[in-house]
Every structure is written in C-alpha cells, then in structure tokens.
1. Taking B:Phe271, is it part of a helix (DSSP H, G or I), assigned by TED's automatic domain parsing to the domain that holds B:Phe6 and hydrophobic (A, V, I, L, M, F, W, C)?
2. Tell me, which helices (runs of 4 or more DSSP H) wholly within the stretch B:172-225 include 1 or more residues that are within 22 Å of B:Tyr135 (Cβ to Cβ)?
3. Taking A:Leu76 as meeting all but one of (1) touching a His at 6+ places or on another chain (Cβ under 9 Å); (2) more than 18 Å from A:Ser347 (Cβ to Cβ), write down the number of the exception.
4. If you go through the stretch B:281-298, how many residues are at the interface with chain A (Cβ under 9 Å from one of its Cβ atoms) and either of a type in the set (D, E, K, R) or in a helix (DSSP H, G or I) (or both)?
5. Of the conditions (1) within 11 Å of chain A (Cβ to nearest Cβ); (2) in contact with a strand residue (DSSP E or B) (Cβ under 8 Å, 6 or more places away or on another chain); (3) among the aliphatic types (A, V, I, L, M), B:Val278 satisfies every one except a single condition; which number is it?
6. If I filter the stretch A:315-335 down to residues being of a type in the set (A, V, I, L, M) and within 14 Å of chain B (Cβ to nearest Cβ), which single residue comes out as surrounded by the fewest Cβ atoms within 10 Å (Cβ to Cβ)?
7. Before we move on, is B:Asp310 in a helix (DSSP H, G or I), within 14 Å of chain A (Cβ to nearest Cβ) and under 21 Å from A:Asp23 (Cα atoms)?
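The values are calculated or read from the model by the stated rules, or taken from the named source; none is laboratory data. Since the structure is predicted, the reported quantities are computational estimates derived from the model, not experimental observations. Here the Cβ positions follow ideal geometry from the backbone for every residue, glycine too, while neighbour counts run over all protein chains shown.
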Amino acid sequence: MKSICLYFQVHQPLRLRRYRFFDIGNNHYYYDDFGNESLLRKMANDSYLPSNKIILKLIHSSNKQFKVSFSISGVLLDLLELYTPDVIDSFKELADTGCVDFVAETYSHSLVALKNKQEFKAQVKMHSKRIEQLFGQKPVAFSNTEMIYSDDIGKTVASMGFKAMLTEGAKHILGWKSPNYLYCNALNPKLKLLMRNYNLSDDIAFRFSVKEWNEWPLTSEKFTTWLDQLDDKEELVNIFMAYETFGEHQKKESGIFKFLKKLPLQILNNGGYKFATPGELVKEYQPIAVAHVPNTISWTDEERDLSAWLGNELQDEAFNKLYELSDAINELDDARLRKDWNYLQSSDHFYYMCTKFFSDGDVRSYFNPYNSPYDAFINYMNVLSDFKLRIEALKKEKSKSVPLETVIAKKDKEIKHYKSELTKLKQQFMLD
Amino acid sequence: MKVLMFGWEFPPHISGGLGTACYGLTKGLSKINDLDIVFVVPKSYGDEDQSKMQLVGANNVNIKQVQEHIEKFKTKHTYLEVESTLIPYTDPDEYYSFRDSKLYSKNRLFKVNAEGKLEFTGKYGANLIDEIYKYAYVASTISLDNEHDIIHAHDWLCYPAGIAAKEISGKPLVVHVHATDFDRSGGKVNPKVFEIEKMGMDAADKIITVSNLTRQIVINKYGQDPSKVETVYNAVEPVSLEQKKEIKKGVKEKVVTFLGRITLQKGPEYFVEAAHQVLQRTDDVRFVMAGSGDMLEKMVARAAQLGISDRFHFTGFLKGDDVFKMFELSDVYVMPSVSEPFGISPLEAMQSNVPVIISKQSGVSEILNHAVKVDYWDIDALADAIYGIIKYDSLSDVFKEKGKEEVDNLKWTSAARHVHDVYADTINSNN
C-alpha cells in the first residue's frame, strides 16, 4: 500500500506601503493596510474558505481516511487574525478532526536559514509556539520557506528535534533516483527527508488549467491512473504545493474545486493507497538512501535554486543590510521593533527585487505591488533606513537610563545623610 | 509692443527647466508697461495662471483655416521620426513607472476632435516631432488672428512654429536657446533635431542664449554670426513667505541632494561615485537622488553594488511642493551636469539657504560667485567639496549667507528688461 502525502504551503506577503524618503525618521508605519486587507479578503473568499470547506467534508465522508498537512506562515497568521479571523476558525475546525497536521516553518517565511542559525532557530520556535497555541499540536515536521534546503540547514533542523523535513525532489539532486521513497539528511540521518514529486505536484499546481497541455483536461480518474503506473516497490508520493493553487492560481472556473472534491475519494476507492501525514510517514518507513545536498535548493523556478530571492546586487545589498541589524535587535529586545523586524524579513521583499526573467515567477507576479525591481528596492531600503534610525534611537535611550537599583541606592544614601543631619540639628537645638 | 510667444509648456504643467524659465521671463516681461504678450503652448489645460498674459492653447484653434499651410510645410520638411531614447524630457506622469514605451506608441496619426481641432498631448514622447509640426501649422493661424510686432520662440520645439508665424506675418523672429542638442545628447547629436535647431537659428533675426557657454555652441556648432547672438542670463522667482512652512527633518545626518532628470546630461553617476567616497570618510551624511530618467535604474544598481543603499536614497520624480521640501531638507545641493546651458535649480537651492556645488560645465557658473565649482568628471574634487561643506560649519554658513544675497539679486525683471532691449533692437534694425 502506497502512502500519499498531501501538503500545502499557505502564505501571503505583507505588503509595504509606498514609503518615501520624506517619511524616513518621521513616520514609522510601513504597511499598506488597504492593500493587505483587500488581498487577504480576496484570498479568503476565493481560495482558503472554499478549500477548507471541501477538505472538512472529505475528511468526514472518507471516515477520516483523508489526511492533509499545512504549513501556515506566521506572517499570514497575523494577517488572518487581523483581517479574516474566519479563516483561522476554519483551520481550527480542520485541526479538531485529527486528520490535519501542521508543519513548522520560519515565522516570517524568511530566508534566515541562509544567514543566521541563531535567528533561524528562534523564528522556528516562535512559529511552532504559535501553531501550538492556535491548533493544539506541536509540529514534528519542518518545511523551510519555499522548500529551501541544504545538508547544513537539515542538520540545524535535526538539532531542534524535528523528525522530518520537506523539500524539493530536484532533478539535479536525485538524478536517477525516485522521489517516491523516504530519504535522510547527509549529516544527521535521524532527520528524514520527504522529497516532492514535482511532476505530479505541478500537474495540479501549474498545468491544471493550461489548455495547450496535451493532458488537458486533468480528471481525478486520469490522475489516479498515473498513480497506478508508478513502480510497485515505490512507497510514497509527496504532493506538495501552494494552497492558493485552489481558487487563485487555478481559478474556480477551471474546475479545480471539483477536482479537489473528487480526487481523494477516487484514490481511496481505487484501493492500494492511503493518505498520511509527514509524522506518520517517518514512523512507518525506513529511509532508502542519504540525499546529498551540498548546495542550497528550493522549489522555485526551473533552476530550483535561490536566484529568485538572492544573487543580484539589489537583493544582496538589501539582504546584507537587513541582517547587519540582528545583533542590535536581540540586544534591545523591544517588542515593537521585533514585530517590524519579523515582517521585514519576509522572502517576498527580495522576490520583488528579482531581475531575472520571470518564467515560473508568473504565478506570483500578479501580487507584485511594484512596477520594477528597482522600485521595490528603493521602497524597501527607505523603510529599512527608518528602521535603523529607530534602533539607534532606542540604543541611545537605553544607554542613558540607569538601572533602578543604583537609583535606589543613591536615594538611600541621601536619606541617611539627611537623617544624620537632622539628628545633629535636633541635638544642637536641644542643647540651646 | 505686441509679442507673440511660442513655448512648449507652462506651469503647473512642466517637466523641466524650460517651463520654469519661460514662466519667469514672461512674468518679468509683463511688468514692462508697453509690452503685450500672447503666449502660445500646444495644450492649455485651463488651470494655468493667466493673470500675467493671454494664454492661447493650440488645441483651441480651429485648424480648417490652415489646411493650405499644412500642405506647404509637409513638402518642405518631410515627416521626421525620433527614436524614443531621444525624448528631450521624460514625462513627469511616469513617476515610478520608468519609461513605458506603450504610453506613446499609439497616436501616430494626427487626431482631430469633433470640433475639427487638433488633439495635442502636450507631453514629450515618441510622437514629439508630430506635435512640433502640428504646432507649427496651428501657429500660422494664430499669427493671423493675433496682431503682433515681434515673434519669440523658445527652444527647438517651437522654432518651426516661430518660422511659420514669421512667414505669415513677416514680423521679426527672436529664437531663445535654452539648450541645444549638444547638451542633451552628450555630443551624439540627433541630425533631425540639429536640422530643426539650425533652421530656426538661420531664420531668426536675433538669437538669445541663456549663457556664454551656449552662445559659443550656437556660434561654433550652428555657424551663427556672433553679432546676431546675445546672452541673457536666467534668474529665479523669489520664494514667497507663505511657502516657507516649517518642514520636519526626519534624519539627523546632513543631507546631500541631487535633483534633476537622471540622464546623461546631468551627470548622476559622478554624484553616486562621490557619495561613495564621502561615505568612506564619514557616517554622518545621507545622499538623496531626486528625480526620474533613463539612467535611474543604473544608478540604483550602482548604489547597491557599492553597498551604500542605506545611506543613498531615491525619491522618484518630485512635483511642485516636494521640490521645495527637498531643498528645505538639504544641507548641500550638487549639480554635476556634464553640459548645462544654464541650470536654474542651483539658484532655487540657494534661495532655500542651501550651499551649492556646480559643475564648471554649466551656464550658471558664469554668474555665480558663492558656489563651489568643480569639473563634472572630477569625482575627488566633488567628494572633497561635499565633505568640506558638511563638516566645516563656518564654510557652509558663509555659502548660505552670501549665496542667498547673491541669488536675491538675480531678478527676472532685469532679465526681462534685457530681452525687451533685444526686441527693440531687432524691430529697429528690421525697419
């Protein structure tokens, strides 16, 4: 019996407002409230709410045989809470069925794994805590922002106690090997790896509504026969995609929701398959081999690398200038600064600065609020400049303030001095 | 004396120094008692300040009457096309959109609206040459309808209009050279633009240049008789008191500003390089590049490459009040133009008590004493000057005080009187 692991990454960017040079030092609010709210409302209505509803129904009608996993970024959780709390409620409802697994990620959907281990760990912990608070479960599996992975990142993740990590079954990593087995990290074999089957995943995520595709239209029957064609020995199929596939990237009119409604039941009725969460997979299967990933991979673009976020001079400059601040942030430990700090780290900011030709990038260019990567860079750097000013101002303030104990000690000394003077004067007065 | 004046833009719809200069000059001229001005622009929006003169929008003229001359012009000067990179100024409405050719690619044909009037976009773009000639055709009608003693045409865009008007009325023509294509293109002159410029200067009875620098170009490159060319320096509008609102400066560091079109002519790359040098020596400074243009992206990338983007800011195109705000926030103003016929913006900066550094290759350097003058290519000298002004308060204080004094004495009324003299001479020698 093969296991099918269905995982959805749920994230939306937090848009910055048009922040001009004149605002630096004068206005410390960086976000486009209107843009964020309307984007979230649209996402909730077109994608999240209808998809959640279908999944809930499927869980019940399949007698809890249907299982899915989600990773919801902390940034999105904040946005959902602020603008569309109904979506949080519907995810809670899913969590209550016991058939839905929540996977950990970085709070900010950030690229911090590439820069700062300490900060990375802190962000992951923050996210896990938040998930536990909201949905009552402690994540056992981890998926990094946009499936970013390397041996080294895996090692850090293993050291945090995670049992499994999700990543891309990139062709240049696996070569002739199949993604349909369990693998493990090259530096710490305790960490199991789930490699995405990008063919089957992208058939749904990217190609579903492409009429030029020779397999169009994709039906649940057709998809099930593809699963049947897999080698008998293969153990599992990892189908990972962005949750916005349903209703946003693939519009309602394409029949994506009908497909989502039918596919799980079709697969279950076909026999020979079960749905499983990453946590269940690592318990059930043994890794077949080590996956060597010395260079960082991701699930984005044809290159499956980091070039969508980092690499050009704009992105590198912004990225380096941002993480120069991490020591100061930790030192000051100010709640408001930390909140902005989290939001400024989102990978989306760097994605907007990408100058390479967008081919796969089309999926998200629709959400890009900027006219050009230069425009995105200018705006981001202006915000960052103001943020830096706030850090400096707070540093100064802190260095000025004296600890309370010394103030009390000083006052005590004064009181003592006055007291003795008082008794002295009293005695003198008495003598007179 | 009645003057028929052809311009291309007029406040508040301006995209460059030409509009500012035209406005200042006409305002100055209006203070001279015996002068009447009819100012013609390709498109009047209706919200321009018309208290000073009569403004005639070419799109308010019925073109039926000029059909004949259109034909004549068409045969004489064949239809010209200018590649979009040669657009003299980019459109201010393109703020943050960075050159969008789609904006201009339509409207290739002359558009006539329901009343039989020509539609003018009044903005610089790929159909610029179209507009120039359309404007010229309409000019001949205007020339018939408006009695005048002298014709005054500003810059090459309006020369064909001036020539057309002269052919109809036979009155003397004065062309006003605010810039030549040698300035705009950095030496790589567009032959079509050059042809129009030369045609205008040849047809003119008198040529006014905005500096001796430009005068020399007109004499040497366009083969004009020196006695026909006269320099009248530009001036600057005094800032009224009500405009002087308190502006809150958000950053404590000194601010060094570049403000202008980010194009080859303005030398933005020298500013970026100098900024890099200064930042290696001191932290206590921020640089701002305000404006838009075809080199903006390159400058953003260069600043990122040098790793100075947290101290080097871009604002995009600034309009009206924001320009003033920018000056108020600045501690040094830098104009490293490669070739600048005049350059009014340093004068505006000095009015706002901002010390200025200007290139020796600018017309304004001929009349300013209290400004630092450097060769545009001399990045070391530029960095040195910036460092000096931000670090030594006494230096900047002197520049502020003396500069303000100096600039307050540069009045449009004196420039206007000079122009009036040129008119009188031209009319006299024509009779």
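1. On the way: part of a helix (DSSP H, G or I): yes; assigned by TED's automatic domain parsing to the domain that holds B:Phe6: no; hydrophobic (A, V, I, L, M, F, W, C): yes.
Here the answer is no, as B:Phe271 does not meet what is asked.
2. Passing ranges, in order: B:181-185, B:191-203.
3. Unmet condition: (2).
4. Selection size over the stretch B:281-298: 3.
5. So the condition that B:Val278 fails would be (1).
6. First, the residues of the stretch A:315-335 that are of a type in the set (A, V, I, L, M): A:318, A:322, A:325, A:328-329, A:332, A:335.
Remaining after also requiring within 14 Å of chain B (Cβ to nearest Cβ): A:318, A:322, A:325, A:328.
Values: A:Ala318: 23, A:Leu322: 24, A:Leu325: 18, A:Ala328: 16.
The qualifying residue surrounded by the fewest Cβ atoms within 10 Å (Cβ to Cβ) is A:Ala328.
7. Here the answer is no, as B:Asp310 does not meet what is asked.
Matching residues to (1) closer than 30 Å to B:Ser292 by Cα; (2) assigned to a helix (DSSP H, G or I); (3) not acidic (Asp, Glu):
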residue	(1), (2), (3)
A:Asn379	yes, yes, yes
A:Val383	yes, yes, yes
A:Phe387	yes, yes, yes
A:Glu392	no, yes, no
A:Glu397	no, yes, no
A:Glu405	no, yes, no
A:Lys411	no, yes, yes
